[in-house]
Every structure is written in structure tokens, then in C-alpha cells.
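The next block holds one structure in the form of C-alpha cells; read it before the comments.
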Amino acid sequence: MKSRFRSWTDVQIFLAVFREGSTLAASRKIGMAQPTVARRIDVLEHEVGLVLFDRGNRGFRPTEAARTLLPLAEALEAAAKSFAAAAEALTRPRPIRITAVFTNFSPAVTQIFSEFTASHPAVRFEFLPTARPLDLLGGEVDIALRITRRQPEPALICRRISTARFTLFGAPSYAAKHGLPVSPDDLAGHVFVTYAPDDMPSIYHDWLAARITPGQIILAFSEYGLLEAAIRAGQGLGIMNLKLAETDESAGRLIRCFPPPDEMSAAHLMLISPEAHRRAEVREFTKFFAPRYAALFK
């Protein structure tokens, strides 16, 4: 007889009867009426043209045919579970992956994320704090907050946040001992700390290095936070973002040496990958986040 097997449900029932040893125990296990379990076993045997169980007073005993089919039935069961898990994962929102330098994830910025998640509890975020430019088009990240002098890839969705301005800062302790330069041409006699990451260019290190001798740079850091700490400690003068230095400057912990040179200005951008922007939760987040984030830099 040609097999006409076509029901995954009957395989589930077959496995339950095989494992439990009777249609009554199987019915309790899978939540199905015992007569229905017995009938479906009969149907399955008819469809495959095999006797799968010997019926007796002690229940259903698997035949040799049933034992032969058991590994295949278990493989179907595993495949069905994998299918269900994959389908569930596809319906569950992926995290929105955001990259920026560590200092961008300030308490004020974190508060914006908290406000969004309060009204969108199903949306999750994955933060990648790094100065290295991750590949948006290649799928490394969904959103990037970047300060850059380069034109972004035309395919990226771009929101301009502000113009980032930089200049030289020093601590009061440094100023008390050495004074402060009053212009980019007044750097002789001073020592500097600089930000020079290993895996990417730094236009601000290059700007400084072009105007002083190598011996005037006493420390170079690959982490921006270490640079800021060194400047605050009075170890040397260093270039900082005006916005990031704002609190320390207002409190008198840092002193601005001279107005920000135009050639140090850079665009502060929010970049979104086109693929991520097709997701409704990403569009909803960027609509919420961008104006609130930009307001912090006015």
C-alpha cells in the first residue's frame, strides 16, 4: 500500500503513545481525549500501512516498525520545535543597535532612552560605545552618533544634530604654573596631552602635532575619557569638545584657552542604516530621539 502520511499531529501522538505506553497516559500528556488518541493511531497505521503498536491488557507495545520509525519521528519533532522557535524570534523585535563614543551616553542622553522605553517597553537597545566607525551599510550597527568632517555615505539616512566645536583647554592648576596660550600661534613653551586612537585617524591630534614639536606631547591616549582626566588633572593642555567641557568650564575646573578655530569644527550627525529604517520601531525611535538629543547641544 502506498503511504499517504501527511499529518505532523499524528507523529506527535505516535511519540506520546510510544513514550507513555498507552493511549490513556498519552492523552493526559498531550491534553487530548483518549478515544481521539486511539483513533489517530489507527489512522496513522492505515496511512503508513504498518502496525505500530501491539494492543494488549498492559497497554500499547511498540512494534519493530515503530522502533525503526522512532528516530525519524523525533527528528520531525526537533525540526518542528526549531521552526516554532525561529518563527517566534522573527516576530520578536530585534534590539536597536546604537554606536557612539562613550561620552555620548551621558546621563542626559540616557534619560531620553529611558523616556522612550517607558512608552515602548517591547523595544530593546544594544549600545556599542566606541570611537571606531562601525559599518552601518554592512549591518554592524543600526544607528551611529558621529562627529565627523567627512561626507556620510549617500545611502545612509542622515539627521544633522549640531556643529561640534573644539578648542584647547587647560586646568586651573596648569594655568597657575604655566599660564595659557591665547591663540593657535602661541603654543610654544607648553606641554600637551592628546587623543590618538590606535585604529583610526585623529584630526585633532594632527592639528596639534602640526603646530608644536614632538617633545611637547607628553601623553597620548587611545581612550577619550583618559584624555579628559589628564587635562582636568593639569598634566597638560588638550583639545576638547566645547559641549563636553561645558560643565567643567562653568564650574571653573577647566579654562578655555582661545575661541574654537573654524578648522576644528565638525558635523555632529545621527546616521541610520536604510535596512534598519525600514523597521517601524527604528523609525519611531529616531522620530522621538533626534529632536530631544539635538536640544542637548543647542
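The values are calculated or read from the model by the stated rules, or taken from the named source; none is laboratory data. Just so we're clear, the structure is a prediction, and the values are computed from it rather than from any experiment. Cβ: placed from backbone, ideal geometry, glycine included. Neighbour counts: every protein chain shown.
Worth a mention:
Results for (1) surrounded by 19 or more Cβ atoms within 10 Å (Cβ to Cβ); (2) at pLDDT 95 or above; (3) touching a Leu at 6+ places or on another chain (Cβ under 8 Å), shown as yes or no for each residue.
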{"site": "Arg6", "(1), (2), (3)": "no, no, no"}
{"site": "Gly21", "(1), (2), (3)": "no, no, no"}
{"site": "Ala26", "(1), (2), (3)": "yes, no, no"}
{"site": "Lys29", "(1), (2), (3)": "no, no, no"}
{"site": "Met32", "(1), (2), (3)": "no, no, no"}
{"site": "Arg40", "(1), (2), (3)": "yes, no, no"}
{"site": "Glu45", "(1), (2), (3)": "no, no, yes"}
{"site": "Arg55", "(1), (2), (3)": "no, no, no"}
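- Residue satisfying all of: in region 117-164; exposed (fewer than 12 other Cβ atoms within 10 Å of the Cβ) and among the small types (Gly, Ala, Ser); modelled with the lowest pLDDT among these: Ala122
- Residues of region 65-111 classified as touching a helix residue (DSSP H, G or I) at 6+ places or on another chain (Cβ under 7 Å) and within 30 Å of Glu140 (Cα to Cα), total: 6
- Out of Leu227, Leu237, Leu244, sole residue that is among the aliphatic types (A, V, I, L, M) and closer than 16 Å to Ser173 by Cβ: Leu237
- Where a residue in region 177-199 is under 13 Å from Gln235 (Cα atoms) and without any contact (Cβ under 8 Å) to a residue 24 or more places away in the chain and its partner, wherever it lies, is among the hydroxyl-bearing types (Ser, Thr, Tyr) and surrounded by 15 or more Cβ atoms within 10 Å (Cβ to Cβ), with Cβ under 6 Å and at least six apart: none
- Within region 273-288, the residues that satisfy the criterion of being in a helix (DSSP H, G or I) and in contact with a strand residue (DSSP E or B) (Cβ under 8 Å, 6 or more places away or on another chain) are Pro274, Ala276, His277, Glu281, Val282, Phe285, Thr286.
Each row is one residue, and each column tells you yes or no for (1) buried (at least 18 other Cβ atoms within 10 Å of the Cβ); (2) of a type in the set (S, T, N, Q).
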{"residue": "Ala175", "(1), (2)": "no, no"}
{"residue": "His178", "(1), (2)": "no, no"}
{"residue": "Arg232", "(1), (2)": "yes, no"}
{"residue": "Leu237", "(1), (2)": "yes, no"}
{"residue": "Ser250", "(1), (2)": "no, yes"}
{"residue": "Glu275", "(1), (2)": "no, no"}
{"residue": "Arg279", "(1), (2)": "no, no"}
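- Those residues of region 90-112 which are in a helix (DSSP H, G or I), under 19 Å from Arg283 (Cα atoms) and in contact (Cβ under 8 Å) with a residue 40 or more places away in the chain, in sequence order: Val109, Ile112
- Test result for Pro260, outside the structural domain of Ile112 (by TED's automatic domain parsing), of a type outside the set (Gly, Ala, Ser) and either under 18 Å from Gly139 (Cβ atoms) or in contact with a Lys or Arg (Cβ under 8 Å, 6 or more places away or on another chain) (or both): yes
- Subset of region 254-272 (residues that are out of contact with any Phe, Trp or Tyr (no Cβ under 7 Å at 6 or more places or on another chain), part of a loop (DSSP other than H, G, I, E, B) and at pLDDT 95 or above): Phe258, Pro259
- Residue among Thr110, Thr130, Thr148 that is of a type in the set (Ser, Thr, Tyr) and more than 22 Å from Ser265 (Cα to Cα): Thr110
- Residues of region 29-42 classified as aliphatic (A, V, I, L, M) and either assigned to a helix (DSSP H, G or I) or in contact with a His (Cβ under 8 Å, 6 or more places away or on another chain) (or both), total: 4
- Output for region 43-66, where each listed residue is closer than 12 Å to Val17 by Cα and either not assigned by TED's automatic domain parsing to the domain that holds Ile13 or not in a loop (DSSP other than H, G, I, E, B) (or both): Phe53, Asp54, Arg55, Gly59, Phe60, Arg61, Pro62, Ala66
- Per the listing Leu271, Leu254, Leu219, the residue uniquely closer than 23 Å to Arg149 by Cα, of a type outside the set (Gly, Ala, Ser) and surrounded by 15 or more Cβ atoms within 10 Å (Cβ to Cβ) is Leu271.
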